Ligand code: XIL
């Protein structure tokens, strides 16, 4: 779905010199995660089924044939369908807005054919049932126990609620053991920090959400900081038209109602995509997968038209921006177009039809073409060519959406600026639609917890990217982050499964350094970051060795001027640098040139200007500054380059 950038390029930094940093305490650091509270523990050691019952005709009974821990488990037999199995009534045990971690162990009975098991929640409100998958299909066998663990937040009032396990394909017997359901008590959100929406006023700043982000403390955080929302999945085809001409708005409606009630804009995402589109859409009238025939093209475009007419009309003016088509570019193709089923059967006509019908049904709405990696020149240019061509034909495209799924090292600000610049001549709107900043540089890294140096680097990326977006406020009409807080991010399972931390708020909803990068970069706190070598970084830190010459070139009562020369002693070129030190005598930097200075307490960090981030091995770079002093003015004794001490 997405290219994973491997280029190790540090974010370049904007050039504005800092004047008179305010005296403010260090950015708050979130307290350590409190201990989880158990709400369900089913170990099946007491010879009972511990309140577990059967769905459908299945039979559940305590067993000592096999056990994951101890000597007992729950045997599940006599299943007449794959959905039949064990369930636990948790009505009254789950509270609205609390995120529960559900863990269960499953093992197939001897002789049962290998299959996959999944864990879900069934909830009912006034007789209407909904099924929320907590853990997707996971291979299980008779040869050993397999763990299913996932997280679940109840977001609506219910009158029936159960946790259950089912299988994907077969109805063999299985065992269940050591089920635990727990939650970590929520921390209150910080109410004494600025709201992102009050600080960034050039355009609405939004977040992608699920129902869980609209309730409890999550809802409070969302309402405090964000001016726009994008349903992350609820408006995709599989959610809105799961079977032909049966439209379902139960997932999206509450989100749009929430946005309306809180005066937030809504980005409609998305009408046409190659993912999350049910198979029936591409199945011909005889029930076979469509091939590229004229009849199939007609049928597919008719389905597309019907879909957009229904979905866009259902929301009317409540949705003022639609991602009409998503990810249609493939820059590796000679014509730059993704070989999706849409393309195979209709050529470019699905895009033409989608925009034309959307304009007709939602004439008020801004219509966007959205894609990822638009900072990659080949991709950006292919998108530009397509948009130019279609607009010349009269296809009503109002804007280009840049997803901006980026990471702490990639892309540079310059590359991002080139991405924005490219589309300026077209005179259309641009939006940042799905921004997140992964702490990982490649697919092989995994950290048990986000290292402080990565979080710091991330803060600089948010700082610099938001500074750029705000500079381009004439072009950019909204910036959306792909998630509210690090407790719920799609990057936990994409492109590989590992805990990521790409957003402004941490897993306990507290403001990260990244938040300060957006809201007040002078409060980014380099001193709270241990050196990269102390972190779990899997690749060598970018510092790699440095020498620093620090000189006071002029001094007068209360003030002095300084000059710093940094030498890159590493074997690789620096592609962005950040030099930090600490003052012992209360000196404060008031202005810098050839670099950007930030100071929190005694800790100073100067980052490169946009033009001097690259320093060859053995090369030097210099910057200067003005500072205040009283009493004494001792030179700093230690420096760190990109978080690594200079020796
Ligand atoms: C992601 C959602 O966040 C996930 O929950 C889902 O499983 C997969 O899709 N580009 C897009 C978004 O345009 O729709 C994707 O959202 C992330 C990548």
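Considering only residues that are more than 16 Å from the ligand (Cβ to nearest atom) and within 20 Å of the chain's Cα centre (by Cα), which ones fall in segment 401-429? Outline the logic, then answer.
Within segment 401-429, the first condition is being more than 16 Å from the ligand (Cβ to nearest atom), and the residues that meet it are 408-429.
Correct list: 408, 409, 410, 411, 412, 413, 416.
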**Message:** Looking at segment 252-274 only, could you name the residues that are surrounded by fewer than 20 Cβ atoms within 10 Å (Cβ to Cβ) and more than 23 Å from residue 398 (Cα to Cα)?
**Reply:** 253, 254, 257, 260, 261, 262, 263
**Prompt:** Within segment 180-209, how many residues are under 20 Å from the mean Cα position of the chain (by Cα) and either farther than 21 Å from residue 320 by Cβ or free of Cβ contacts under 8 Å to residues at least 40 places away in the same chain (or both)?
**Reply:** 3
**Message:** Let me spell it out: the conditions are (1) more than 16 Å from the ligand (Cβ to nearest atom); (2) assigned to a loop (DSSP other than H, G, I, E, B); (3) in contact with a strand residue (DSSP E or B) (Cβ under 6 Å, 6 or more places away or on another chain), and residue 374 meets all of them except one. Which number is the exception?
**Reply:** (1)
**Asked** Any residue in segment 176-187 that is surrounded by 16 or more Cβ atoms within 10 Å (Cβ to Cβ), over 22 Å from residue 39 (Cβ atoms) and at pLDDT 95 or above?
**Response** no
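Being in a loop (DSSP other than H, G, I, E, B) and buried (at least 19 other Cβ atoms within 10 Å of the Cβ) is the filter; apply it to segment 381-397 and report the residue that is nearest to the ligand (Cβ to nearest atom).
Here is the first cut: in segment 381-397, the residues in a loop (DSSP other than H, G, I, E, B) are 394-397.
Those still in the list that are buried (at least 19 other Cβ atoms within 10 Å of the Cβ) too: 395, 397.
Working: 395: 20, 397: 17 Å.
So the residue we want is 397.
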**Request:** Identify, by number, the condition in (1) under 14 Å from residue 367 (Cα atoms); (2) more than 16 Å from the ligand (Cβ to nearest atom) that residue 265 doesn't meet.
**Result:** (1)
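If you take the residues in segment 230-246 that are under 20 Å from residue 318 (Cα atoms) and touching a residue at least 40 places away in the same chain (Cβ under 8 Å), which one is farthest from the ligand (Cβ to nearest atom)?
It comes out as 241.
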**Prompt:** Checking residue 127 against (1) touching a residue at least 40 places away in the same chain (Cβ under 8 Å); (2) farther than 24 Å from residue 64 by Cα, which test does it fail?
**Reply:** (1)
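Looking only at segment 627-639, filter to residues that are outside any loop (DSSP other than H, G, I, E, B) and modelled with pLDDT of 90 or more; which one of those is nearest to the chain's Cα centre (by Cα)?
Filtering segment 627-639 down to residues outside any loop (DSSP other than H, G, I, E, B) leaves 627-628, 630, 632, 639.
From what is left, the residues that are modelled with pLDDT of 90 or more are 627-628, 639.
Numbers: 627: 39, 628: 41, 639: 33 Å.
Top of the filtered list is 639.
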**Item:** Selection status of residue 150, modelled with pLDDT of 95 or more and under 19 Å from residue 43 (Cα atoms)
**Value:** no
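When you check residue 590 against the structure, is it in a strand (DSSP E or B) and either within 17 Å of residue 645 (Cα to Cα) or at pLDDT 90 or above (or both), yes or no? If you could, list the steps in order and put the result at the bottom.
Numbers: in a strand (DSSP E or B): yes; either within 17 Å of residue 645 (Cα to Cα) or at pLDDT 90 or above (or both): no.
No.
The rows are residues; the columns are (1) free of Cβ contacts under 8 Å to residues at least 60 places away in the same chain; (2) out of contact with any helix residue (DSSP H, G or I) (no Cβ under 6 Å at 6 or more places or on another chain).
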position: 577; (1), (2): no, yes
position: 586; (1), (2): yes, yes
position: 594; (1), (2): yes, yes
position: 598; (1), (2): no, no
position: 601; (1), (2): no, yes
position: 611; (1), (2): no, yes
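State whether the residues of segment 86-104 include one that is farther than 30 Å from residue 507 by Cα and assigned to a strand (DSSP E or B).
Going through segment 86-104, the residues farther than 30 Å from residue 507 by Cα turn out to be 86.
From what's left, assigned to a strand (DSSP E or B): 86.
The answer is yes, given that some residue of segment 86-104 is farther than 30 Å from residue 507 by Cα and assigned to a strand (DSSP E or B).
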**Message:** Go through segment 461-497 and report how many residues are in a loop (DSSP other than H, G, I, E, B) and either crowded, with 24+ Cβ neighbours inside 10 Å or within 16 Å of the ligand (Cβ to nearest atom) (or both).
**Reply:** 13
**Request:** Mind listing whichever residues of segment 326-337 are within 13 Å of the ligand (Cβ to nearest atom) and in a loop (DSSP other than H, G, I, E, B)?
**Result:** 327, 328
**Complete:** If you go through 297, 260, the only one that is more than 16 Å from the ligand (Cβ to nearest atom) and farther than 30 Å from residue 476 by Cβ is 297
**Complete:** The one condition residue 260 fails out of (1) closer than 24 Å to residue 356 by Cβ; (2) touching a helix residue (DSSP H, G or I) at 6+ places or on another chain (Cβ under 9 Å) is (1)
**Prompt:** Would you pick out the residues in segment 201-213 that are crowded, with 24+ Cβ neighbours inside 10 Å and either within 16 Å of the ligand (Cβ to nearest atom) or at pLDDT below 95 (or both)?
**Reply:** 206, 207, 208, 209, 213
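The values are calculated or read from the model by the stated rules, or taken from the named source; none is laboratory data. As the structure is a computational prediction, the values presented were derived from the model and not from experiment. Neighbour counts run over all protein chains shown; Cβ positions are idealised from the backbone, glycine included.
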